[in-house]
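The values are calculated or read from the model by the stated rules, or taken from the named source; none is laboratory data. Just so it is clear, the structure is predicted and the values come from calculations on it, not from any experiment. Reconstructed Cβ throughout: ideal geometry from the backbone, glycine too, with neighbour counts over all protein chains shown.
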Amino acid sequence: MEYENRPTSASSDQESTGPGGTDAAVGMKERIIDKANDVRSKVTDFGRKAADKLDDSRASVARALDHTASTLQSGGDKVSGATHAAADKVQATADYVRRTGLEGMADSVRNVVKRYPAQAMAVAAVLGFLAARTLRRQDD
């Protein structure tokens with residue numbers, strides 16, 4: 001008995017080159033992988049550019065905070081202790097922004113959220129509300 005368990009030539013041809021065969025599936029898979037790699041590359045580039053822009057804006061944010069702090073402190077005798085304390089906090093924030101990179105700020109935010117999850121959720125809700133309100137006003 002010389003019977004071997006191998007596919008007939010007709011079924012073999014259909015699997016490798018037929019309309020629904022493996023060559024078409026392999027080609028489709030390769031195209032999908034190429035597109036996914038292209039999208040991943042574009043998203044990575046976009047993220048890098050956004051991070052670079054944010055990082056570049058740190059200096060101007062720090063200068064604006066410095067200006068705010070000096071304005072608060074320049075009130076002379078009219079300025080209360082609370083205003084001086086606020087100015088000191090703004091100045092400390094300016095220093096923090098100036099010396100801390102984007103990753104360091106993200107780490108700080110993560111640490112605060114881990115430490116104070118309920119308060120972080122409340123702040124996120126308020127910021128979300130304010131952002132939605134601002135966007136709504138821009139539509140009017």
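Laid out as a table, the results:
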quantity	calculated
Residue list for the stretch 83-140, filter: among the charged types (D, E, K, R) and either surrounded by 12 or more Cβ atoms within 10 Å (Cβ to Cβ) or not in a helix (DSSP H, G or I) (or both)	88, 89, 95, 98, 107, 140
Residue that is farthest from residue 56 (Cα to Cα), among those in the stretch 71-82 that are of a type outside the set (Val, Ile, Thr) and surrounded by 12 or more Cβ atoms within 10 Å (Cβ to Cβ)	75
Flag for residue 57 being small (Gly, Ala, Ser), modelled with pLDDT under 85 and over 20 Å from residue 104 (Cβ atoms)	no
Residue list for the stretch 29-71, filter: in contact with a helix residue (DSSP H, G or I) (Cβ under 6 Å, 6 or more places away or on another chain) and without any contact (Cβ under 8 Å) to a residue 40 or more places away in the chain	61, 62, 65, 66, 68, 69
